[in-house]
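Worksheet: one structure, shown below.
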Amino acid sequence: MWLLRVPWALALLVTAVSPDPSAAPLDPASIFADLSPAELRAVRTFLMERPELGLSPSRGGPLAKNSVFLVELLPPPKRVALRFLAHGGARPRREARAIVFFGAQAEPNITELAVGPLPRPSSYRVLGLKGRRAVPFWARPMTQLEYELLHEALVAALAPLEPLLLEATGFGFQNCSGRCLTFSDIAPRGLRPGERRTWLVLQRFVEGYFLHPVGLEVLLDHEAPDPRQWAVRQLWYNGRYFGSVREMAELHARGALPLVRLPEPPARHLFSSYEPRGRFFTGTPTEVHGAKVCEPQGRRYRLRGNRLEYGGWSLAFRLRSSAGLQLFDVRFAGERLAYELSVQEAIAFYGGHSPAAMQTKYMDAGWAMGASSYELARGVDCPETATFLDAHHLLDADGPVRFAHALCVFELPTGVPLRRHFDSDFQGGFNFYAGLEGRALVLRTTSTVYNYDYIWDFLLYPNGVLEAKVHATGYIHATFYTPQGRRYGSRVHSHLLGNIHTHLVHYKVDLDVAGTGNSFETMDIRFENISNPWSAGARVVQPWLHREPRRRERDAVLPLGRASPRYHLAVTRRHENEPSSSSIYTQNNPWDPPVTFESFIRDNETIEDQDLVAWVTVGFLHVPHSEDVPNTATPGNAVGFFLRPFNFFDEDPSVASRAPVIVRPLDPPTCSRLEIQRWTPPSPGPCVHPEPFTYNGTY
């Protein structure tokens, strides 16, 4: 059995079928590899040349056009992939998933296409979402073109307010150079299906502009395909609503509008910057390098394309443009434990007094969080010894874009032994000491979805434990401080409110424990009060394990017995038409999304001896505080879960490691002569990375 450990429950998947440990001899992991730049270009070229699609370039031109928005790998069906992984033979047909915006037609919509075979595509077919419903055009993600048009419309609409903005902030929109205003946009973009009205938070464009709102929020209607029809519908300034730009401008001209005049931002040591300021009380040095990770005898993992091997572990991985890291064919000691383990969605729900704050419900798959994988800094985001990998995305672009150092792989000392024991003789000496150093292999990427940075990790431990973890950092989503806002957060700076919000992250865990036929069982601790069998009249209170098979999907959602907007854990039967729990369209159509997780369990199918998927939600409440300035720190802001073996192996599989140390006295109880057993070199050698720090940052 394999144990899925989440903070709320112990869940076991019970094996029903024996595995087939055979594997194809020819690079099987590559069937899950992301599309190469050449494949991305080939797919786009093929689609652009299809006259019936009538496609235009993504950049420039009108909004009401047909264009390719996203191209990424379409993984093969599971049964086809498993047959190939087990028996070899013909490789599965390699295909791409293409999202096409059809805006230049009578009924605009979004259509997904399967394009193949790669590397030389010759055909395409429509990919139907579950329920076979079309995705409305207004549910589309934002594009660079729409942002450019949105900025132009905002600048033009707010021209009458330029005197007000300059007086209150010292910054403006009109013909600005170094003292410009910018904005952050809020989603969902409306209150009902079909709307595309976005609240925009105006900010000074300085370093860390997310922490510099000026107190003005603007509701801009950009539903029409023609930007000339866009208009400001409402405004909010310093706790007060206005029906039009003209109303605000006239009030200001008459001196009837109280202004909040913001202080001039300093040229150095801006509170939103990373520049050092102040000193630690103890005076211990920080201007010298601290502890580092090193590999004195070289790497102990193997990376071949998208196949990663470490100790007993072997897996394939990819970085989806749409939603991020995805593992396939996860094995330990040659046995497949999971077919897929992947990030599905990251959500942040906010509360606040301003309209933008109360409207904010970010669903980051709708912002293609997998393509927000910017460069990782060597020695900061990952150790100097890490292996760095590039990613290529074709998202809202007319060709693939290279994101350098988007992923990294490294072995990490955990700082705590994996296991250890000191066996005392209780006479001042010992019988033996033994310990095994704590190490884990980390596969990491990040998603910087505007203000927030998510650090995504999968950690592989030598004892067969896998950990999925996400750290939240970056800038808080903050609004302008008003006294009424204190109910919804903390005043983190003079004119800044850190708004309360909840982070929720959803994972897909397609476990195949000794085959695809699995069942689900929970274990709970209960207590009994019984007569003491060896002492008449006495009682014993003790725990016992209550095991309960969960036979249908409705019985396999936790927590049980109460309504919940997001299940901590849900186990469903796997279906090929239920590949993800969310979609790229949910952000702008949360009222009737194309993918609804509730439909996965509504039919209440049997889950005994079936191919099962565990859907895991982790999260935390964040009440921002002044220590979140300039950025939220990672300690205390990380969540995740573990996959742990549970009576799957005969013993701890880390006994295969050659890294333990065993010390035995040769003359007990004196212990003056010791036998030290090691299977690694007695000295690790030098631990210095000679290369200086470098960073590029372009993509």
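The values are calculated or read from the model by the stated rules, or taken from the named source; none is laboratory data. Here the structure is a predicted model, which is why all the values come from computation and not from measurement. Every residue, glycine as well, gets a Cβ built from its backbone with ideal geometry; the counts of neighbours run over all protein chains shown. Heads up: the accessible areas ignore ligands, DNA and RNA and are worked out on the full protein's heavy atoms, side chains in. Shrake-Rupley method; radii C 1.70, N 1.55, O 1.52, S 1.80 Å.
Key figures for this structure:
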item: Residue within the range 613-630 that is outside any loop (DSSP other than H, G, I, E, B), outside the structural domain of G194 (by the TED database), surrounded by 14 or more Cβ atoms within 10 Å (Cβ to Cβ) and of a type in the set (S, T, N, Q) present; result: yes
item: Selected residue [among the hydroxyl-bearing types (S, T, Y), at pLDDT 95 or above, over 30 Å from I607 (Cα atoms) and assigned by the TED database to the domain that holds P645] from T479, T516; result: T479
item: Qualifying residue in the range 94-103 (condition: assigned to a loop (DSSP other than H, G, I, E, B) and not assigned by the TED database to the domain that holds D226); result: yes
item: L303 vs. criteria open to solvent by less than 10 Å² (accessible area, probe 1.4 Å), touching a residue at least 12 places away in the same chain (Cβ under 8 Å) and assigned to a strand (DSSP E or B); result: no
item: Residues within the range 400-453 that are open to solvent by 10 Å² or more (accessible area, probe 1.4 Å), within 30 Å of A365 (Cβ to Cβ) and of a type in the set (G, A, S), tallied; result: 1
item: Hits in the range 169-183 - residues which are surrounded by fewer than 21 Cβ atoms within 10 Å (Cβ to Cβ) and either hydroxyl-bearing (S, T, Y) or more than 26 Å from Y274 (Cβ to Cβ) (or both); result: G172, Q174, N175, S177, T182
item: Residue under evaluation S424, criteria (1) free of Cβ contacts under 8 Å to residues at least 12 places away in the same chain; (2) farther than 30 Å from R678 by Cα; (3) hydroxyl-bearing (S, T, Y), criterion not met; result: (2)
item: Subset of the range 265-298 [aromatic (F, W, Y), within 26 Å of G170 (Cα to Cα) and open to solvent by 100 Å² or more (accessible area, probe 1.4 Å)]; result: Y274
item: Subset of the range 515-547 [open to solvent by 70 Å² or more (accessible area, probe 1.4 Å) and within 32 Å of the chain's Cα centre (by Cα)]; result: D524
item: Entirely in the range 192-244, the strands (runs of 3 or more DSSP E) that have 1 or more residues that are surrounded by fewer than 18 Cβ atoms within 10 Å (Cβ to Cβ); result: 231-237, 240-242
item: Residue within the range 499-510 that is β-branched (V, I, T), in contact (Cβ under 8 Å) with a residue 60 or more places away in the chain and surrounded by 19 or more Cβ atoms within 10 Å (Cβ to Cβ) present; result: yes
item: Residue under evaluation H495, criteria (1) under 28 Å from F328 (Cβ atoms); (2) modelled with pLDDT of 95 or more, criterion not met; result: (1)
item: Top-ranked residue in the range 75-97 [being at pLDDT 95 or above and over 16 Å from Y339 (Cβ atoms); ranked as farthest from the chain's Cα centre (by Cα)]; result: R93
item: Test for S322: is it assigned to a loop (DSSP other than H, G, I, E, B) and under 23 Å from the mean Cα position of the chain (by Cα); result: yes
item: Residue within the range 575-593 that is outside any loop (DSSP other than H, G, I, E, B) and open to solvent by less than 30 Å² (accessible area, probe 1.4 Å) present; result: no
item: From the options S244, S273, residue that is outside the structural domain of N631 (by the TED database), under 34 Å from the mean Cα position of the chain (by Cα) and at pLDDT 95 or above; result: S273
item: Complete set of residues in the range 629-671 that are closer than 20 Å to N431 by Cα and either free of Cβ contacts under 8 Å to residues at least 12 places away in the same chain or not hydroxyl-bearing (S, T, Y) (or both); result: P660, V661, I662, V663, R664, P665, L666, D667, P668, P669, C671
item: Pairs where the first residue, in the range 240-265, is under 13 Å from E167 (Cβ atoms) and the second is among the polar types (S, T, N, Q) and part of a loop (DSSP other than H, G, I, E, B), C-beta under 7 Å, 6+ apart; result: V260/N238
item: Unique residue being touching a residue at least 60 places away in the same chain (Cβ under 8 Å), open to solvent by less than 40 Å² (accessible area, probe 1.4 Å) and under 30 Å from G215 (Cβ atoms) when the list is G324, G351; result: G351
item: Single residue of P51, P160, P136 found to be of a type outside the set (G, A, S) and touching a helix residue (DSSP H, G or I) at 6+ places or on another chain (Cβ under 8 Å); result: P160
item: Number of positions in the range 118-168 that are farther than 18 Å from V71 by Cα, aliphatic (A, V, I, L, M), modelled with pLDDT under 95 and open to solvent by less than 70 Å² (accessible area, probe 1.4 Å); result: 0
item: Every residue from the range 440-463 that is touching an Asp or Glu at 6+ places or on another chain (Cβ under 8 Å) and not in a strand (DSSP E or B); result: Y461, N463
item: Top-ranked residue in the range 49-64 [being more than 32 Å from the chain's Cα centre (by Cα) and within 13 Å of V100 (Cβ to Cβ); ranked as least open to solvent (accessible area, probe 1.4 Å)]; result: L53
item: Considering residues of the range 648-699 that are at pLDDT 90 or above and of a type in the set (F, W, Y) only, the residue farthest from A371 (Cα to Cα); result: W679
item: Some residue of the range 462-478 being farther than 18 Å from H622 by Cα, open to solvent by less than 10 Å² (accessible area, probe 1.4 Å) and of a type in the set (A, V, I, L, M, F, W, C); result: yes
item: Condition check for I601: aliphatic (A, V, I, L, M) and in a loop (DSSP other than H, G, I, E, B); result: no
item: Residue in the range 145-160 that is under 23 Å from T45 (Cβ atoms) and free of Cβ contacts under 8 Å to residues at least 40 places away in the same chain present; result: no
